[in-house]
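The values are calculated or read from the model by the stated rules, or taken from the named source; none is laboratory data. All values reported here derive from a predicted model rather than from experimental measurement. All Cβ positions, glycine included, derive from the backbone under ideal geometry; neighbour counts span all protein chains shown. Surface accessibility is based on the protein's heavy atoms, side chains included, excluding ligands, DNA and RNA. Shrake-Rupley method; radii C 1.70, N 1.55, O 1.52, S 1.80 Å.
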Amino acid sequence: MAKKSVTTRTGRFMKLAGMTASVAGRYASEKVRSSFGSDEKKEERRSKTYDKMADDIVSTLGELKGAVMKVGQIASQTQDFLPKEFSTALQKLQKEAPPMDFSLIRQQIVNELGGEPEEIFDFFEQKPYAAASIGQVHRAMTKDGRDVIVKVQYPGVDKSCDSDLKQLRMTLKLGGLLKIPKESVDQLFQEILARLHEELDYQNEANNIKRFQEFHQDDSGLIIPTVIDELSTQRVLTLELVEGDHISELDSTVYTQDVINLIGHRIFTTMADQLFKFQCIHGDPHAGNFAFRPDGTVIMYDFGCVKQLKPEIVTAYKAALNAGIGKDYKLLDKRLIELGVRVEGKPALDEGYYAMWRDIFITPFEHKDEIYDFAQASLHTQVASKAPSVFKHLDSFRPPVESLFIDRLIAGHYWMMKNLGVQAAFRNELEEYLK
């Protein structure tokens, strides 16, 4: 059922301030209680407190939508700066958001396109086709008979972006939840804010779509829907309707293992081409932004958030991967300093630490011709089990924002490969990209 969202700045501020007060109060109370009891009891209480704080945050962000919900979605995929209870809870925000009342959508279309939806389009469906953090999508038909989807930005989201983000950062700080140095927090939030401002400009997204279409123009089996320029503005984006099956709806009698493997191959090469050749990556790589067809076609949606990478970052990243694959951990340490991930001047880390992470991440690529079954992959649980070791070395690592976006790209594609059940051997292809 559609619901009225909080669209005024005062209303949003009060909601976020209430969330901040609740989280800060729980954190302060837990700090007092943590002075008493055994370590086991302390950990149990801490986890329960974090669960309650996470519920407060997720509930508020889901209701407010906008910038704060988008940041919550990013945080759910960037699990190295929040406690695991929050990363888990924030994953709820990846699910489709509740729709906004259509009267607000109607007014936005009038403001942007200069007329009622029923006047501008031959047909416009009031029930949303999909709802997300900063806008929702409706099916329509143009006057000349083209089936399209119309992406309409929620009113007021762009105006509240900066203040929303500032309030969310305060919540995380007062809740004792940010587990990376202040300098990295500053850099991360500046980058998120820059990407959000880009994503709130649908004309920027239209340009991104055209750039990615041009780069992938010779890639058979990959579709990026085309922009309808005359029906698009800064807050309304109209695209040709290109439908496919969501990852959760794939019928195994139609999507045979061979088809799944073909899709997996296309996902891998698309990701690697963008990272190593185009040096510009799709910044929101979750399953909702992809669809599939029984012939192995992959459809990519939503180019509001893309990240242009610096060439020197891509070069350093490739060099670090080569050193890691080759088990040259002294060289790897040097390459990580060049990449900006490891703080120069700090003592070199034990090679065993690097070997531990290398042995986890290399698993799908360990053997050149051996098929790896992503359905059985447990990289995520192995990473989670080793997470405490990361916090012991926080002073030695300060990853640049570019590397966080690359990590997010890889994590998003890993989950798609796993959920699809891809069976493939990508080592040879990976080495070609790393030459």
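Checked against (1) under 16 Å from Phe405 (Cβ atoms); (2) modelled with pLDDT under 90; (3) not hydroxyl-bearing (Ser, Thr, Tyr), Leu349 meets all criteria but (1).
Mind listing whichever residues of region 363-397 are of a type in the set (A, V, I, L, M, F, W, C) and in contact with a Lys or Arg (Cβ under 9 Å, 6 or more places away or on another chain)?
Phe365, Phe374, Ala375, Ala377, Leu379, Ala384, Ala387, Val390, Phe391, Leu394, Phe397
Evaluate region 279-292: report whether one residue or more is among the polar types (S, T, N, Q), outside any strand (DSSP E or B) and within 25 Å of the chain's Cα centre (by Cα). Yes, the conditions are met somewhere in region 279-292. A single entry from Gly304, Gly264, Gly326, Gly283 fulfils the requirement of being at negative phi, open to solvent by 10 Å² or more (accessible area, probe 1.4 Å) and of a type in the set (Gly, Ala, Ser): Gly326.
Within region 307-322, the set of residues being open to solvent by 40 Å² or more (accessible area, probe 1.4 Å) and of a type outside the set (S, T, N, Q) comprises Lys310, Pro311, Glu312, Lys318, Leu321.
Filtering region 230-248 to residues that are among the charged types (D, E, K, R) and either in contact with a helix residue (DSSP H, G or I) (Cβ under 7 Å, 6 or more places away or on another chain) or touching a residue at least 24 places away in the same chain (Cβ under 8 Å) (or both) leaves Arg235, Glu240, Glu243, Asp245. Looking at the structure I just gave you, is His367 modelled with pLDDT under 95, under 30 Å from Gln136 (Cβ atoms) and out of contact with any strand residue (DSSP E or B) (no Cβ under 9 Å at 6 or more places or on another chain)? It is false that His367 is modelled with pLDDT under 95, under 30 Å from Gln136 (Cβ atoms) and out of contact with any strand residue (DSSP E or B) (no Cβ under 9 Å at 6 or more places or on another chain). Among the basic types (Lys, Arg) and under 21 Å from Leu430 (Cβ atoms): does that describe Lys368? In short, yes.
For region 376-395, indicate whether the set of residues that are modelled with pLDDT of 95 or more and either open to solvent by 40 Å² or more (accessible area, probe 1.4 Å) or at positive phi (or both) is non-empty. So far as region 376-395 goes, yes, one or more of its residues are modelled with pLDDT of 95 or more and either open to solvent by 40 Å² or more (accessible area, probe 1.4 Å) or at positive phi (or both). Scanning region 137-166 for residues that are in contact with a Ser or Thr (Cβ under 6 Å, 6 or more places away or on another chain) and closer than 19 Å to Pro117 by Cβ yields Val148, Val150, Pro155.
The set of residues in region 177-234 that are modelled with pLDDT under 95 and of a type in the set (Gly, Ala, Ser) comprises Ser184, Ala194, Ser220.
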